[in-house]
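Report on one structure; see the data block that follows.
Any read-out appearing in this document is the output of simple, stated calculations on the displayed coordinates, not a laboratory observation. Only a predicted model underlies this, so the values are computations on that prediction, with no experimental measurement involved. Cβ sites come from the backbone with ideal geometry, for glycine too, and all protein chains shown count toward neighbours.
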Amino acid sequence: MATVKTEPKGSSTALADRKEKTYEGLTQQQLIDGYRTMYLSRKLDDREILLKRQQKIFFQISGAGHEAIGVAGGFALKPAYDWFYPYYRDRALCLTLGATPLEMLLQAVGAADDPSSGGRQMPSHWGYRRLNIVTQSSPTGTQILQAVGCAEAGLYYARQPQATRKATGDYRQFKDVSFQPDEVTYVSLGDGTTSEGEFWEAMNSASNRKSPIMFVVEDNEYAISVPVEVQTPGGNISRLVANYPNFHFEEVEGTDVVASYAAMSRAVAYVRARKGPAFVHAHVIRPYSHSLSDDERLYRPEQERQRDAQRDPITRLKMFLVREGILDENEINRLDKEIEHEVQEATDRALDAAPPAKDSATKFVYSPDLDPISSVFETQPVLVQAPVPTDGEPKKAPAAKTMADLINSCLKDEMRRDERIVIFGEDVADCSREQYLQQKLIKGKGGVFKLTSGLQCEFSSDRVFNSPLAEANIVGRAVGMATRGLKPVVEIQFFDYIWPAMMQLRDELPLIRWRSNNGFSAPAVIRVAIGGYLTGGAIYHSQCGESIFTHIPGLRVVFPSNALDAAGLLRTAIRCDDPVLFLEHKRLYRETFGRAPYPGPDYMVPFGKARVVQTGHHVTVITYGAVVPRALQAAQKLQREHGLSVELVDLRTLNPYDWQTISASVRKTNRVIVAYEDSLSWGYGAEIAARIADELFEDLDAPVRRVAAKDTFVGYHPQLENAILPQIDDLLRAMKELAQY
Ligand SMILES: Cc1ncc(C[n+]2csc(CCOP(=O)(O)OP(=O)(O)O)c2C)c(N)n1
Ligand SMILES: [Mg+2]
């Protein structure tokens, strides 16, 4: 908290009275400090606006009009103790919590030393690790579910404190965690943002799970040019959320620092006491238009703007201080001058700051500490042998397990090893109504494909539980938990329904580390059942689409084709320090192809290492997932019928992918097919084919060929499905043609 040199006014006995007098618990000194921060916040906005006009910074968005509720929040909460997911208008909150004017201006100029992002994010995208202010992004609303996850992580650590212990040999080595038994998570958003579905998904979970989180809606009645009544039926969000169970509600004039502090304090006390979440609806103003790119006079008449101006929080507090005899006009003027001087000094320093080096652009896309491609993640299977027979019977080989079996046992082994792992998703629990399990009335479900079967029974409902039917909820909460050092291994039931989580998957999960310049990270694992060849899977249970995700920097994408690889790669995914999208082909879950004995609790396969399924001379086929067994059958047929041999490469991981193995094979056979299950155009194989054409042109004796699905949808009738998805005959034909080209 910034301190003030100015003493409260007066020197008589009346002074003693006044000094003792508090305002909803705020002392006179706090009010002066609060005024100082509010004025500082406004002056920083003013300075940034000037700098933008001088083209010395590149963007500006202000916290003007939101200063009082921000300062009140800062007073009611504790930096580096509570957790904060603020939004861009929370400059005064961040200043109150301890961020400095220089730090803020370093972000405005985009300096290398900007502590929030190292020059990577726009101004007002707060993130201060030392204060527990978590990296913020630009999509409105993505912070809310993450904050719910953060609050849940705090509760989890309180119940399972052993999970905070440091461990070596995996991501935990680089992820210190801390928690406070009565910590509060703060999240704020604008009135317009309450229209986002993720807001409601967050409210649902916070309410249901009585999460220790405080929602603060800063209602300035506009979302850019759209007024609140267009966003919120009836125009008042408090009325809509009033029936949410377990919440404490406050609706307050957010331009009045004393009233705001009272509301915030009550809300914080409720959350700290672990009674449930709180919802503070603060009515504020937005005197500086939406941003410097907006002119609100285009859609707000002067009269309306004047009416707002009457409520300006700074004028309001200034008048209050004078009226209460806390400061007089001269003292306020002196204070203002001091602050203006401070802003000038910070500006001079920020303008001198060095920009980020050009060659730093790709730093921190992935963890700098733990590389999943490295040999750390390369171990051999340890086969558990049957006991040595005494009766002279031949020794039995360990039983071959399906991909589903080995994924399930990998999850179990890892959960035994690492208390930070939590598993949630739709239907993943054995049974949400635990008493049925306790009374042994039922067996339990454990996932629609039973991949998580038995996990809740072994590890408790604290670690394995059902989520609501809401995919953004699953991924958003996982991001928040992973930011706090937990390892969520969550499930998206069908790839076809991953899209509600797309904002979290494209703009959040893989960006947390890069956008915060390695200040934060969120190495969660998202398991997804994917793919077709199901006979009757039809359009909405057969989709692929992996290239949409391999196109995202920062996200590892894995797609195993057999049981052993699935076990080894899932373990690497869990132990590594990057976010991973783990794609599990439904058709392969229980296939006879690719079964393997249990490889032990430490079996790992590094990312970026393809497997040569079989060597050959005449043509290379590069593929992955369910096309691997199909290509193998085609290759065997080609050998049998035509004496031509295929070198079959199973990529196993799609980002990173094994260019070394690809290029070595193409150099050897000089002919290559890239085969994939997704529709042909703009599919994953297009990138591989392009790179081969680009870098291995001289080695090719034939054009690069792709075999993939038709550019349509997977139809329900088997005749349609077979015609659409690439089949053994399609692969065989392409292999033969290319080998004989
Ligand atoms: C998901 C998303 N959609 C659109 C935008 C563009 N945008 C930025 S701020 C904003 C309005 C936000 O209004 P509100 O939530 O009321 O906050 P305020 O700016 O009024 O404080 C919009 C539409 C965005 N950043 N993210
Ligand atoms: Mg608004």
Along the range 123-135, what does the Karplus equation 6.51 cos²θ - 1.76 cosθ + 1.60 (θ = phi - 60°) give for ³J(HN,Hα), rounded to whole Hz, x for Gly and Pro?
x, 6, 9, 5, x, 9, 4, 5, 9, 6, 9, 7, 2
D_trans [Stokes-Einstein, Kirkwood Rh over alpha-carbon pairs] for the chain, 37 °C, 0.692 mPa s, µm² s⁻¹
116
I need the per residue convex hull volume for the range 466-512, using only the alpha carbons, in cubic angstrom as a whole number.
70
Quick check on packing: order 68-77, 492-501, 168-177 by the mean number of other C-beta atoms within 10 Å, highest mean leading.
68-77, 492-501, 168-177
Expressed as a whole percent, how much of the Cα-Cα distance distribution for the range 311-466 exceeds 21 Å?
74
Can you give the calculated 222 nm mean residue ellipticity of the chain, where each DSSP H run of n ≥ 4 adds -39,500 (n - 2.57) and the sum is split over every residue, rounded to the nearest 500 deg cm²/dmol?
-11500 deg cm²/dmol
Using the Karplus equation 6.51 cos²θ - 1.76 cosθ + 1.60 (θ = phi - 60°), what ³J(HN,Hα) coupling, rounded to whole Hz, does each residue of the range 77-88 give in order, writing x for Gly and Pro?
10, 10, x, 6, 9, 7, 10, 10, 10, x, 10, 4
Degrees separating the helix 142-159 axis from the principal Cα axis of the chain, which is the longest one
80
Fewest-first sequence of Thr96, Thr140 by Cβ atoms within 10 Å of each Cβ:
Thr140, Thr96
Whole-Å semi-axes of the ellipsoid equivalent to the range 308-376 (Cα gyration tensor, √5λ, descending)
49, 18, 12
Could you state the angle between the C-alpha long axis of helix 197-208 and the longest principal axis of the C-alpha atoms of the chain, as a value from 0 to 90 degrees rounded to the nearest 10?
80
Listed with the fewest Cβ neighbours within 10 Å leading, Tyr288, Tyr186, Tyr676 appear as Tyr288, Tyr676, Tyr186
Hey, could you grab the Kirkwood Rh for the range 19-84? Inverse mean 1/r over distinct alpha carbon pairs, Å, one decimal.
13.7
Listed with the fewest Cβ neighbours within 10 Å leading, His717, His281, His585 appear as His717, His281, His585
In the range 661-741, what is the volume of the convex hull around the alpha carbon atoms, normalised per residue and reported in Å³?
86
Set of lysines with alpha-carbon distance to Lys210 below 25 Å, sequence-local pairs under 8 removed:
Lys78, Lys275, Lys487
Interchain or long-range residues, amide H under 5 Å from Val674's placed H
Ile622, Arg705, Arg706, Val707
Would you mind computing the Rg to Rh ratio of the range 567-672 from its alpha-carbon coordinates, Kirkwood style for Rh?
1.00
Per-selection Rg to Rh, the range 106-146 - Cα, Kirkwood hydrodynamic radius:
0.99
Once both axes come from the Cα atoms, what is the angle between helix 627-642 and the longest principal axis of the chain, in degrees from 0 to 90, rounded to 10?
20
From the backbone phi of the range 310-327, what are the Karplus-calculated ³J(HN,Hα) couplings (6.51 cos²θ - 1.76 cosθ + 1.60, θ = phi - 60°) in whole Hz, Gly and Pro given as x?
4, 9, 3, x, 6, 4, 4, 5, 4, 5, 5, 4, 5, 4, 7, x, 7, 9
